Structures are given as C-alpha cells and as structure tokens.
Amino acid sequence: MAGTVDTTKGLPSHPERATLEGKNKFLGFWFFLGGETIMFATFFGTYLGLRNGIGDGPSSSELFTLPLVFLMTMILLTSSMTSVFAMFAMKKNKFKQMMAWMIVTVVLGMVFLGLEIYEFQHYVHDYEFGFTTSAFSSAFYTLVGLHGAHVLFGLGWITLLIVRNIRSGITLTNAPKFYVASLYWHFIDVVWVFIFTVVYLMGAGGY
Amino acid sequence: MASYKKEKGVVWDWLTTVDHKKLGIMYLIAGTLFFLKAGLMAVFMRIQLIMPDNTFLSGQTFNEFITMHGTIMLFLAATPLLFAFMNFVIPLQIGARDVAFPFVNALGFWIFLSGGLLLSTSWFFGGGPDAGWTAYVPLSLNENQLGLDFYVLGLQVSGIGTLISAINFLVTIINMRAPGMTMMRLPLFVWTSFVTSTLILFAFTPLAAGLALLMLERIFDAQFFNPAAGGNVVIWQHIFWIFGHPEVYILVLPAFGIISEVIPAFSRKRLFGYTAMVFATMIIAFLGFMVWAHHMFTVGIGPVANSIFAIATMTIAVPTGIKIFNWLFTMWGGKITFNTAMLFASSFVPTFVLGGVTGVMLAMAPVDYLYHDTYFVVAHFHYIIVGGIVLALFAGLFYWYPKMFNHKLNEKLGVIFFILFTIGFHMTFFVQHFLGLMGMPRRVYTYLGGQGLDEFNMISTIGTFFMSAAVIVLVINIVYSAIKGERVIGVNDPWDARTLEWATPTPVPEYNFAQTPQVRSLDPLFYEKVHGDGTMKPAEPVDDIHMPNGSILPVVISIGLYFLGFGLIMLEMENPMLSPWIVVALGGLLTFGGMALRSLNDDHGYHIPKSVVKADLKKQGGGK
Ligand code: HEM
Ligand SMILES: [Cu+2]
C-alpha cells in the first residue's frame, strides 16, 4: 500500500498523487474546501443581508478606499501565482526552486496580512468604525476577518512545512502536503476575489 | 519500517486507537450514554405534563430540559449512534482494511465527545441552555443565561468532529473499495452513509457559521441580530434551518440504509429496485436542501415563498414513497424470519409512513398556521425520529451485534423489548396528534385542567413508562447476553446474510481482511454462496499488511478545543477564578500544538508480517 511506489528511477510525474495516502489527502482536501466554500457563502449571505444596516455608523461608501484594496488584491494574486510556480518546480523535482517559490509566497502573504491590519486599524481610528458599531460593521469584520484568519493559518502551515522539510528534498510523503497547502492558498485567493467584488467594489460604488 | 506493535495497557490502547472498529464501539457507548441522559429528561418532562398544573419541574428547568433533550438527542445521541455503525460496518462492507484517514477518524470521535462534554458542563454553571434546540434569537441572546454560551460553543466543537468524520467517510467510500466493488454494487447502507456525509459537509458548515455569529453576538457584542443597529433576527432562522432541515435527512438516510440491509437479509431476497433506491436517496438529499423555509411559514416570508417551499416539500414524498414500496416488494413473497432485528425493521415501515403523512400535512402552508408550534408538530417529528431513526438503530443493533461483540443478543428478551417499546411509543406519541389539534402548544411546561387535554396527556406519559421499561429490558439483555448470550466466535455469518462484512472472521482481526476480496456482484457474499464455494475469492496473495500507528494526539487536540471553548465562555462569567485568556491560550496551545506535532512527525505506521497473517488464516481454517 503506502510506500510501495518504486522511486528508484526518480519521482513519478505526479508525486502528490502517486501513493494511496496522497490520493486520499488530495480528495479529502477537495471535500474540505467544498465545506469551506459553503461556510464562506453563509458569511457572504449574512453580509449581503446586513450591508445596509449601518445604524449610526459610517456606510461602506464613506469607508472604502479602492487603491489600498487593489494593492492588496494584486499582492495576494501574485502570491497565488508564485505557489503555482512552486508546484511546477515540484513536478520537475526541482526542490530548491520549489522552496524558494514557497518562501516568496509566504512573504507576499505576510505583506497582505500587514496591509489588512493597517486597513482595519485605519477604520477604527479615523472613522470610529469598530466591530460593535453596527450590523454592517459586525458583518464586515466577521467576513473579512475570517478570511484574514485563513491567511494567517495558511502562513503558519506553509512556514511549518518549509521548516520541517528544509533538507528532505521532494518525497512521496511531503509532495501531497505541499500540494494540498498550495490548493488551500489558491482557495484563499479565490475567496478574496469575491470579497474584493462583493464587499469593496459594490460597497465603494454604494450599491 | 517499524516493527510489529508492542503490547500496551488496555486503557491506553483505547485512548490511542485509530482502529475504525474500536472507534465504532466507542461511538456506540458514548451515544448510548447521551441517549439515556436525554431520555431521562424526556421522562421528567412527561411526568411534569402528566396532569394539569403540575409542579414537579419549574418552568425554567422544563425549558432547560426541553432544550437539552432535543439538542442531545439530535447531535450527541442519534448522530454518534449512526456513526457507530458507519465506522464499524462501512470498511467491512466495501472490503477495505481501514478508513482513508484513521487519525482523522479518531480525532472526529474525541472532538465530538469533548463538544458534548462542554455542553453538559453547563449544568455546573447555573443550568443548561433554555432557548430550545433551535436557539431562536432574540431568546438565545439572554445575557443572564450562561447555558446558552455552552450551547453555542459545545455544538461548535462537536460539529467540527462530525464534519471531519464525514470527510473521512466520503474519501473512504470513494478510494478504499475492494476490486470489483463498483459504486453500483455498494450496499445501501454504504450508499446512504455516503450521501449523508455529503449532507453533513454542506449542512454543518452553515451551522458552524451561524453558531459563530451567535457566539460573536453573545460574547463579543456583535450587532447582527440587533434591529436598533441595523441587524435582522430572521437571518438566524434562515441559517439555522438551512442546516436544520438537511439534519433530519442526515439522520434518516443512514436509518433507511440499515432497513435496506436488514429487510433483504431476513426476507431471503435481494433488495427490490436497488438502482431506484440509490437514486431516490440522492433525490431526497437534493430536495432536503431546497425546503428549509417550511419551518418558517408563520414568520412572514410571504405567500410566494411559502408556496414554493410548500410544493418543494411535498415533492419529497415521491422518492420516499419509492423507498417504502421497494421495502414492501422486498418482503413480498420472501421467506421472512421475524427475529428482533426484522421486527424492528418491518415495523419501521408503517410507523415512518405515518410520520411522513403528517409531514405532508404540515407542508401545506396555510394549514400550518394552525399546527405550528402545537403538539401536532411534536407528534410528527417523533414519529420520524423515534419511529424512523430509533427503530432503525435498534434493528441495526440486533443485526450487527454479533459482528461487533462476538455474541448475539438474546432473542426472547429482544422480542419483549420490541413489544414494550412499540406499545409505549404509539401510546406516547399517537395521542399527541390530537393534543395538537385541540390546541395544546408545544414547549409549555404546564396547562390548565378541564380543557379536554388531561386524559391524552396522562396516556402520553404512561406510554413513556412503557418505553422506559423497554429500555431497561434492553439493558438487561445486553448484560445477560454478555454473560450467557450465544457465542459466535468462529461463526463468520450467523444470519446467513448477503454482504461482505459477514465474510470476515469473528472476531474481526485488526486488518479486517487477510486478503482483499474480489467482488463479483451486488450482494457479493450471497453471490459466492450461489455461484462459488461460499467464501470470497482473494484479489491478492497473502503478504505483509500495512497498518497505521495509534496516537494520543486526538485526545490532546480535543482537550485543547474543550479549553478553548470553556475559556471563551469564562469571558461571560461574573468573576472567573482566573483570567479567561489564560484558559483560551492553554486550549490554543494544546490544539494547535497537537496539530503541529502531528504534521512535524511523519508517521509511517507498521507492518503485520506475512507469517502472522498466515498463522491467523490457519487458525481460522482457511488460507488459500
Ligand atoms: C423516546 C422517547 C422520547 C420522549 C418521551 C420524548 C419526549 C419529548 C418531549 C416531551 C418534548 C417536548 C415537546 C415540546 O413541548 O415541544 C420533546 C422534544 C423534542 N424531542 Fe423528544 N422524546 C423522545 C425521543 C426523542 C428522540 C430519540 C429524539 C431525536 C433523536 C428527540 C428529539 C426531540 C426534539 C428535537 C425536540 C424538540 C426540542 C425543542 O423543542 O427544542 N426526541 N421530546
Ligand atoms: Cu424541515
């Protein structure tokens, strides 16, 4: 079963799915992302229902500044691309290249998270737009904050993977792990694209 | 690779086990204990309602019991009891040595348990939650009720366990089937468990989101449900029922699966209309997601929405009807053995139909204004839940007991149990239809005398005593059979049944199958009995068997989640003994530390050497 794949002639072209264990991880992770999608959809629905419930607080068109959010989007999209490069490198069995791209991905993710923290504290300090200000504010911070928490978790996870495997090379054991982590990173990215559209573009436009 | 497993202490062995068979038994025990607890609450509630103006329970206690009874029954009794059978039976029925993620499987059990214990901890901090199992806002926003914090976080934690178990079942069924076990040869119990797992994946996630909203509102003063700050209370109801209605099918589909295994086995016939059964299961699951607002007819969502949801709801009767008829046709002309398992399975059919009929009645939106929140609803859903799910669980218990525990349950005591339970069940719940039509509201702790409600309430409560007696007989049966029951050690197939789990030796070795079986047909074991020599052909030579190592980390992680939840609840306590954040940090450390340890440490498991497998085979008198 696991470990019975012959690796003496080098890694197979899809090291992440070569063993049954890898296949299971791969499929299980897709199901997990399916569940995550539904969970985010619920938060999106809540946000859409409450985005005009501003009470005495500021509205979205008073708050959002698109240049900053656009910059954040670009950074996150780029980090998704660098993780794709890492996966290409993995399939070509180029370990150092893969690690380098993974590290770039983490750095970009950290910059994104830093900008998000800056954005939040800007709203709180300059607009008195806190978590408890209105139904809109609660829904906003919950949805965007949950995404931020996912970014944070992803950063911790990928960092751990990098540190753990820094000297091991690509193996049939760690290939599925890197692959799954990069899937997760894409997922975070896709969710952000929706947030950018539904929260920021629609909000800044006042829809 | 690592050598043969070292001997460990019994307790340590069960704490660290990742064997799906042991986990199945653990789910069975935990689920039974929660079932007894929630059942006791039901008896207390019924005693309170035995006569008008009774003062056995206070209104507050009654509300807490009603909430805990419903919540525990659905999340901590019915679900884990079904998971018990799924865990034990699915890998055997698909011819697998193990599940896809043994570690995750164990983690799922322990997280479910720690969530359940967190919920139960509420009794030590001022009482249980009291807003009903649906936790409708604004009722559930009551700041003075710590119990509701336990509800929110306890369910959140145990829900994570359920979710990851569901993913494990999905991947197991897709990736771990024996050669020849195509999807359209899967036993119906596997099929229904598969569809149920998808439902869990897509229904428990909205629940998780909803509970997070409620938690943020209660503990961190969010404003989702506060109209003064732009919030909206109906959002909770939508999210809750988008989860809540599928939840019913999450429970009832595997119950259908059990019935579809037991009826053919004791009718000596193959299941009638296998393909139709599979597709009916899928259609029911799909429609299950489209009908949530039938719980909200009286909220004021408007006539158009009401009509759409009413029609969608009634549509479910069609695939359900297909199933009912297929069970009847399976029994039709069969050589039926009426043992306890079959008695429960066959009485399931008419009982469930009655629950279905009242369901269609409730689905008529205009008339629902009449029934809504009366005892008619209570009667309806108990006919589904007890008359459906619980009867199926009993059928499954008697059917699979010999495989799980190596002895049968006593049949005489079983029949007594069946008779007492059936009388008690109908006595308790049938009259509640009339109570509802006469206007007795649901969730009230008492009622006025002389309004025609007295007799039926009395009858209903006496029915509960019959059911309690029945459960006592079951407990006696379990103890008696453990001592004196008919042993089936060495008897692989005590019922002369049809599916693969009966091809394994009793007791089932930890690797299930010494050689993976080659599946040649639907009902593979039966096929070999007719067309072969009665045993499964192996699909591989005898060889070393790779098994996963046990691990204590699932226990550690779930203790961490317990503390995480408890720490958050402490934020709401008047004067907690120590800073809540210390507890939260400790919990986070255990949880995430445990996860990190797991991922840092590649665990390759161990091998059972060929010689041991060969010796086992020889002991069982086989070994081709
Ligand atoms: C077998 C004996 C049982 C008895 C005597 C019983 C009794 C009761 C009673 C008296 C209520 C309160 C009704 C009301 O006033 O609204 C109730 C509610 C409920 N029961 Fe049961 N029950 C039993 C089994 C079950 C089982 C097996 C389940 C589920 C697996 C279940 C699920 C529920 C639920 C969800 C509620 C609604 C709670 C709420 O309104 O918040 N019951 N039951
Ligand atoms: Cu429903």
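The values are calculated or read from the model by the stated rules, or taken from the named source; none is laboratory data. What you are looking at is a predicted structure, and each value in this text was computed from that prediction instead of being measured. Every residue, glycine among them, receives a Cβ derived from its backbone with ideal geometry; neighbour counts consider all protein chains shown. Ligands, DNA and RNA are excluded from the accessible area calculation, which covers all protein heavy atoms including side chains. Shrake-Rupley method; radii C 1.70, N 1.55, O 1.52, S 1.80 Å.
Here the condition is being more than 15 Å from ligand 1 (Cβ to nearest atom), more than 12 Å from chain A (Cβ to nearest Cβ) and touching a Ser or Thr at 6+ places or on another chain (Cβ under 6 Å); of B:PHE224, B:PHE256, it holds for B:PHE256 alone.
What do you reckon, is B:GLY550 of a type outside the set (Lys, Arg), in contact (Cβ under 8 Å) with a residue 24 or more places away in the chain, part of a helix (DSSP H, G or I) and surrounded by 15 or more Cβ atoms within 10 Å (Cβ to Cβ)? No.
Conditions (1) farther than 30 Å from B:PHE417 by Cα; (2) within 16 Å of ligand 2 (Cβ to nearest atom); (3) at pLDDT 95 or above, marked per residue:
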{"residue": "B:TYR274", "(1), (2), (3)": "yes, no, yes"}
{"residue": "B:PHE289", "(1), (2), (3)": "yes, yes, no"}
{"residue": "B:TRP292", "(1), (2), (3)": "yes, yes, no"}
{"residue": "B:THR298", "(1), (2), (3)": "yes, yes, no"}
{"residue": "B:ALA305", "(1), (2), (3)": "yes, yes, no"}
{"residue": "B:ILE324", "(1), (2), (3)": "no, no, yes"}
{"residue": "B:TRP327", "(1), (2), (3)": "no, no, yes"}
{"residue": "B:TYR371", "(1), (2), (3)": "yes, yes, no"}
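The number of residues in the range B:172-187 being assigned to a helix (DSSP H, G or I) and surrounded by fewer than 24 Cβ atoms within 10 Å (Cβ to Cβ) comes to 5. Against the test of being open to solvent by 10 Å² or more (accessible area, probe 1.4 Å) and among the basic types (Lys, Arg), the options B:LYS335, B:LYS323 yield a single qualifying residue, B:LYS335.
Hey, any hits in the range B:66-78 for a residue that's within 16 Å of ligand 2 (Cβ to nearest atom), out of contact with any helix residue (DSSP H, G or I) (no Cβ under 6 Å at 6 or more places or on another chain) and either open to solvent by less than 10 Å² (accessible area, probe 1.4 Å) or over 22 Å from B:SER193 (Cα atoms) (or both)? The answer is yes; a qualifying residue exists. Taken as a whole, the range B:108-124 holds at least one residue that is away from ligand 2 (no atom under 16 Å from the Cβ), closer than 25 Å to B:SER551 by Cβ, among the hydroxyl-bearing types (Ser, Thr, Tyr) and part of a helix (DSSP H, G or I).
Every residue, every condition in (1) under 30 Å from A:TYR141 (Cα atoms); (2) surrounded by fewer than 21 Cβ atoms within 10 Å (Cβ to Cβ); (3) within 16 Å of ligand 2 (Cβ to nearest atom); (4) in contact (Cβ under 8 Å) with a residue 40 or more places away in the chain, yes or no:
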site	(1), (2), (3), (4)
B:ALA222	yes, no, no, no
B:PHE225	yes, no, no, yes
B:ALA228	yes, yes, no, no
B:ASN232	yes, yes, no, no
B:PHE240	yes, no, yes, yes
B:PHE243	yes, no, yes, yes
B:PRO246	yes, no, yes, yes
B:GLY257	no, no, no, yes
B:ILE263	no, no, no, yes
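Output yes when any residue across the range B:136-159 is within 16 Å of ligand 2 (Cβ to nearest atom) and touching a helix residue (DSSP H, G or I) at 6+ places or on another chain (Cβ under 6 Å), and no when none is. For the range B:136-159, residues within 16 Å of ligand 2 (Cβ to nearest atom) and touching a helix residue (DSSP H, G or I) at 6+ places or on another chain (Cβ under 6 Å): absent. The selection criterion, being in a helix (DSSP H, G or I) and within 20 Å of the chain's Cα centre (by Cα), does not hold for B:ILE416.
For B:MET361, indicate whether it is within 16 Å of ligand 2 (Cβ to nearest atom), free of Cβ contacts under 8 Å to residues at least 40 places away in the same chain and out of contact with any Cys (no Cβ under 7 Å at 6 or more places or on another chain). It is true that B:MET361 is within 16 Å of ligand 2 (Cβ to nearest atom), free of Cβ contacts under 8 Å to residues at least 40 places away in the same chain and out of contact with any Cys (no Cβ under 7 Å at 6 or more places or on another chain). Counting only helices (runs of 4 or more DSSP H) that fall entirely inside the range B:1-97 and contain at least 1 residues that are within 16 Å of ligand 1 (Cβ to nearest atom), the qualifying elements are B:20-48, B:59-71, B:79-93. For the range B:7-18, does any single residue satisfy the condition of being under 22 Å from the mean Cα position of the chain (by Cα) and open to solvent by less than 50 Å² (accessible area, probe 1.4 Å)? For the range B:7-18, residues under 22 Å from the mean Cα position of the chain (by Cα) and open to solvent by less than 50 Å² (accessible area, probe 1.4 Å): present.
Conditions tested, residue by residue: (1) open to solvent by 20 Å² or more (accessible area, probe 1.4 Å); (2) facing chain B (nearest Cβ under 8 Å).
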position	(1), (2)
A:GLY22	no, no
A:PHE29	yes, no
A:ILE38	yes, yes
A:GLY55	yes, yes
A:LEU63	no, no
A:THR73	no, no
A:LEU76	no, no
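Selection of first residues in the range B:569-589 that are closer than 16 Å to B:ILE219 by Cβ and part of a loop (DSSP other than H, G, I, E, B) and of second residues that are of a type outside the set (Val, Ile, Thr) and open to solvent by 30 Å² or more (accessible area, probe 1.4 Å), restricted to Cβ pairs under 9 Å at least 6 apart or on distinct chains, gives the following pairs, ordered by first then second residue: B:LEU571/B:PHE220; B:LEU571/B:TRP581; B:GLU572/B:GLU143; B:GLU572/B:LEU146; B:MET573/B:PHE125; B:MET573/B:LEU146.
Exactly one residue out of B:TYR562, B:TYR606 is crowded, with 20+ Cβ neighbours inside 10 Å and either within 13 Å of another protein chain (Cβ to nearest Cβ) or of a type outside the set (Gly, Ala, Ser) (or both), and it is B:TYR562.
Here B:THR192 does not qualify as farther than 27 Å from B:ASN226 by Cα, within 14 Å of chain A (Cβ to nearest Cβ) and not hydrophobic (A, V, I, L, M, F, W, C).
Scanning the range A:115-137 for residues that are polar (S, T, N, Q) and surrounded by 15 or more Cβ atoms within 10 Å (Cβ to Cβ) yields A:THR132, A:THR133, A:SER134, A:SER137. Applying the set (1) open to solvent by less than 50 Å² (accessible area, probe 1.4 Å); (2) under 30 Å from A:GLU62 (Cβ atoms); (3) within 21 Å of the chain's Cα centre (by Cα) to A:GLY154 leaves exactly one unmet item: (2).
Being in a helix (DSSP H, G or I), open to solvent by less than 20 Å² (accessible area, probe 1.4 Å), hydroxyl-bearing (Ser, Thr, Tyr) and over 20 Å from B:ALA38 (Cα atoms) is a property that B:TYR383 lacks.
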